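Written out below as structure tokens is the structure these notes cover.
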Amino acid sequence: QLQLVESGGGLVRPGGSLSLSCAASGLTLDNYGVAWFRQAPGKEREGVSCISRRGDNTNYADSVKGRFTISRDNAKNTVWLQLDSLTPEDTGVYYCAAGYRHTCYSLVSGYFGSWGQGTQVAVSS
């Protein structure tokens, strides 16, 4: 079965950057759209970004457009999320999720069947 493991989270000051990785095992990612979700304390989980299985379509939440960049390398079975110009509102647990042949025209969590355990991102001065 497809297994996802996130890494790269940590504590960063406002305006700083982080690079999150989502490494897949068990199956290859070339048939899966992959999304990043986040959940801040006291808030519901929200979609952040998504990249289609071939990387030809990407989708970003309005709150992160221009600051976050999603990318993938199917040969490495890995998806990344580059977080730049971070603010305290970006704090939360970030999860990657994979959906079989997901086109990434939506960021509804129920359409993603495989989830990682999450990695903590904290933005604080």
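Only residues that are hydroxyl-bearing (Ser, Thr, Tyr) and buried (at least 22 other Cβ atoms within 10 Å of the Cβ) were counted in the stretch 34-72, giving 1. Candidates in the stretch 36-67 are the residues that are small (Gly, Ala, Ser) and touching a residue at least 24 places away in the same chain (Cβ under 8 Å); of these, the one that is farthest from Trp115 (Cα to Cα) is Ser63. Sub-6 Å Cβ pairs linking a first residue in the stretch 76-94 that is without any contact (Cβ under 8 Å) to a residue 60 or more places away in the chain to a second residue that is hydrophobic (A, V, I, L, M, F, W, C) and surrounded by fewer than 22 Cβ atoms within 10 Å (Cβ to Cβ), at least 6 apart or interchain, are Thr78/Ala23; Asp90/Val123; Thr91/Ala40; Thr91/Ala122; Thr91/Val123; Gly92/Ala40, ordered by first then second residue. Among the residues of the stretch 112-125, those that are modelled with pLDDT of 95 or more and in contact with a Pro (Cβ under 7 Å, 6 or more places away or on another chain) comprise Val123, Ser124. Which residues, counting only those in the stretch 73-125, are over 19 Å from Ile51 (Cα atoms), acidic (Asp, Glu) and surrounded by fewer than 22 Cβ atoms within 10 Å (Cβ to Cβ)? Selection gives Glu89 alone. Considering Ser85, Ser109, which residue is hydroxyl-bearing (Ser, Thr, Tyr) and at pLDDT below 95? The unique qualifying residue is Ser109. Is it the case that Ser63 is over 21 Å from Ala23 (Cβ atoms) and among the small types (Gly, Ala, Ser)? Judged against the criteria, Ser63 is a match. In the stretch 95-112, of all residues being out of contact with any His (no Cβ under 9 Å at 6 or more places or on another chain) and without any contact (Cβ under 8 Å) to a residue 60 or more places away in the chain, the one that is nearest to Asp56 (Cα to Cα) corresponds to Tyr105. Counting only strands (runs of 3 or more DSSP E) that sit completely within the stretch 1-91, those holding 1 or more residues that are touching a strand residue (DSSP E or B) at 6+ places or on another chain (Cβ under 9 Å), among the β-branched types (Val, Ile, Thr) and closer than 22 Å to Ala122 by Cβ correspond to 3-7, 10-12, 46-51, 68-73, 78-83.
The values are calculated or read from the model by the stated rules, or taken from the named source; none is laboratory data. The structure displayed is predicted, hence computed values, not measured ones. Cβ coordinates were reconstructed from backbone atoms using ideal geometry, including for glycine residues, and neighbour counts include every protein chain displayed.
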